[in-house]
Every structure is written in C-alpha cells, then in structure tokens.
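A.B. asks: If you scroll down you'll find the structure; I have some questions about it.
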Amino acid sequence: MDGYTDWHVAKNQTANSFLLNKDAFGYMYGKILDVQLSDAGAQANYYATNSINPATANTTQKAAAAAAGATAIAALRGTNEIAYGLTCDANSDCGTGGTALTSADLVNVIPFEMSSAAVGYGNLGGVCHFMTSVGGPNTCLPAAGGGTASSIQVYSPQANATGTAGPDGTLLPSIVIRGTGAALQTGGVCKLFKAMTDHADNCNWWC
C-alpha cells in the first residue's frame with residue numbers, strides 16, 4: 001500500500017473522514033455509474049420516442065418510463081454486480097446470504113462533489129461537481145454521461161461500460177454514507193461492497 005495511491009479519503013454523513021480502498025471503490029462506482037446512466041438513458045429514450053415531456057408525464061407514463069429503466073438495468077446483470085444485486089430479489093437468485101439491493105442503496109454514494117488526494121506539499125487535490133439531479137453542473141463526466149468534461153475524470157482500475165470511468169481518471173465521490181449502530185459495518189457503503197463480492201461469481205467482470 002502506498003498512501004494516496006491506494007486510498008481515497010471520503011467523508012460520511014457526520015463529516016468524519018475515513019478511508020476507502022481506491023481500486024475497490026473506483027471499480028464499484030464505475031459499475032454504479034453504468035447502472036444509473038443506463039436507467040436514465042432508457043427512461044429518456046422512452047419519453048423521446050413517445051413525444052412525452054417528462055415534466056408533464058402522467059402516472060401511467062412515468063411507470064412505463066421506470067419499467068424501461070428497470071429493463072435496461074436487468075440487461076446489465078450478467079456483467080455488473082450492482083445490477084445483479086438490484087435484480088436478484090425479483091429473480092429469486094440472490095443466493096444464500098446474497099445481498100439484494102434497492103435504488104435507495106445507491107444513494108449512499110453521493111456524487112455531488114468528487115475529489116482526489118493532493119500530491120506533494122502545498123499542492124491542491126483535484127475536484128469536480130456532478131449536480132445535474134439538483135439542476136447544477138456536471139463537470140465530472142464526459143458527453144457520454146451528459147457532462148462537460150473533455151476526458152474521463154472518474155477513477156476506476158478498469159474502464160466501465162459507459163465510458164465514464166477508467167484508469168486515466170483520478171476523482172471519486174467525496175461524500176459516502178456509512179452504516180450506523182449495529183449496521184456500522186454492514187449498512188451504507190459496506191452493503192454495496194458486500195453486494196459486489198456476493199455477486200462477483202455471477203458476473204463476467206473480466207469482459
């Protein structure tokens with residue numbers, strides 16, 4: 001292990017800093033991005049194809065868009081551990097003790113600000129902002145992810161499917177929610193990590 005090259009410093013919901021293994025967190029977040037962008041893309045395509053304004057869509061139309069997003073996520077389950085965790089309960093194939101996820105679990109990684117460690121005395125760390133969900137800028141992702149970055153900014157040891165994270169990136173989310181109380185090591189981001197390990201054998205992650 002070599003300091004900043006192996007660890008990412010994140011802050012939890014109480015503003016306390018803690019360390020996450022950089023490669024493991026980056027690989028997982030790349031998979032989360034694939035799920036979220038595939039979902040959003042499928043929903044946007046449904047609205048565009050049917051000439052529907054999302055802002056004025058009725059309940060039936062919103063449900064149909066959500067179903068399109070769910071289908072897109074399910075299509076990833078053979079190569080994406082997060083997608084598998086999100087769909088294994090409905091498919092009854094989580095396995096004994098396998099972790100089932102919901103969309104609420106993904107919110108435990110908050111992408112509004114992403115950062116990297118400062119390298120060398122007196123230097124500043126990198127930073128970008130991914131705030132499209134609240135009407136703000138997206139300087140973290142390239143055009144493939146609806147952002148304005150001219151290159152990949154988000155770190156993952158392996159390039160992800162949507163071309164939004166990879167080895168050339170350096171940034172990862174700064175705010176990450178941990179479990180509390182008895183769930184300190186099983187809730188929050190730890191639950192996501194467990195889903196990654198639980199479902200690794202079900203996904204062709206090397207592809």
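The values are calculated or read from the model by the stated rules, or taken from the named source; none is laboratory data. No experiment lies behind these values; they were computed from the predicted model shown. Note that each Cβ is placed from the backbone with ideal geometry, even for glycine, and that neighbours are counted across all protein chains shown. With ligands, DNA and RNA removed, areas are computed over all heavy atoms of the protein, side chains included. Shrake-Rupley method; radii C 1.70, N 1.55, O 1.52, S 1.80 Å.
A.B. asks: Residues with beta-carbon under 11 Å from that of N202, excluding N202: net charge, scoring Lys, Arg +1 and Asp, Glu -1? List each step's numbers first, then the result.
C.D. replies: Working: positive: R77; negative: E81, D93, D198, D201.
It works out to a net charge of -3.
A.B. asks: For region 65-149, divide the Cα radius of gyration by the Kirkwood radius and give the resulting Rg/Rh value with two decimals.
C.D. replies: Values: Rg = 17.1 Å, Rh = 15.5 Å.
Radius of gyration over Kirkwood radius for region 65-149 works out to 1.10.
A.B. asks: To continue, here is another question. Could you identify which residue out of G95, G145, G181 has the top mean-square fluctuation in a GNM of the chain using Cα springs shorter than 10 Å?
C.D. replies: It is G181.
A.B. asks: Once fully extended, how much extra length lies between K62 and N16, figured as 0.36 nm per residue of separation less the alpha-carbon to alpha-carbon distance? Each step should come with its number before you reach the end.
C.D. replies: Details: separation 46, 0.36 × 46 = 16.56 nm, distance 3.80 nm.
Value of the extension gain: 12.8 nm.
A.B. asks: Quick check on the chain: take the gyration tensor over C-alpha atoms, sort the square-rooted eigenvalues as a ≥ b ≥ c, and tell me if it's rounded (a/c under 1.5), prolate or oblate. Provide the component values of the computation, followed by the final result.
C.D. replies: Working: a/c = 1.72, a/b = 1.25, b/c = 1.37.
Since a/c reaches 1.5 but b/c is at least a/b, the shape of the chain is classed as oblate.
A.B. asks: Can you give the calculated 222 nm mean residue ellipticity of the chain, where each DSSP H run of n ≥ 4 adds -39,500 (n - 2.57) and the sum is split over every residue, rounded to the nearest 500 deg cm²/dmol? If you can, show how the numbers build up before the last one.
C.D. replies: Details: 5 runs with 69 residues, N = 207.
Mean residue ellipticity, 222 nm, calculated: -10500 deg cm²/dmol.
A.B. asks: Would you mind getting the accessible area per residue of region 1-154, heavy atoms of the protein chains only, 1.4 Å probe, in Å²? The partial results should precede the final answer.
C.D. replies: Values: 7980 Å² over 154 residues.
Here the residues of region 1-154 average 52 Å² of exposed surface.
A.B. asks: Roughly how tilted is helix 81-91, in degrees to the nearest 10 and between 0 and 90, from the longest Cα axis of the chain?
C.D. replies: 40
A.B. asks: If you line up the long axis of helix 189-198 against the longest principal axis of the chain, both from Cα atoms, how many degrees apart are they, to the nearest 10?
C.D. replies: The angle comes out at about 70 degrees.
A.B. asks: Could I ask something else about it? Roughly how many Å is it from the Cα centre of region 138-170 to that of region 36-104, as a whole number?
C.D. replies: 22
A.B. asks: Of all the accessible heavy-atom surface of the chain, with the other protein chains kept in place and a 1.4 Å probe, what percent is carbon and sulfur? The partial results should precede the final answer.
C.D. replies: Details: 5980 of 10660 Å².
Looking at the chain in its full context, I get 56 percent from C and S.
A.B. asks: Here's another thing I want to ask about it. For L124 and D93 in one chain, what is 0.36 nm times their gap in residues minus the Cα-Cα distance, to one decimal in nm?
C.D. replies: Values: separation 31, 0.36 × 31 = 11.16 nm, distance 4.59 nm.
Contour length minus the Cα-Cα distance gives 6.6 nm.
A.B. asks: Run the quick spin-label model on T186 and A74: label points 7 Å from Cα toward the beta carbon, then report their separation in nm to one decimal.
C.D. replies: Placing both labels 7 Å along Cα→Cβ, they lie 3.0 nm apart.
A.B. asks: Sticking with this structure for a sec: If one computes P(r) from the Cα atoms of region 28-89, what percent of pairs lie at distances over 13 Å? If you can, show how the numbers build up before the last one.
C.D. replies: Numbers: 1117 of 1891 pairs.
Tail of the P(r) past 13 Å holds 59 percent of the pairs.
A.B. asks: Starting at the first residue of region 104-110, write each ³J(HN,Hα) from the Karplus equation 6.51 cos²θ - 1.76 cosθ + 1.60 with θ = phi - 60°, in whole Hz, x for Gly and Pro.
C.D. replies: The phi angles translate into 5, 5, 5, 5, 6, 10, 9 Hz.
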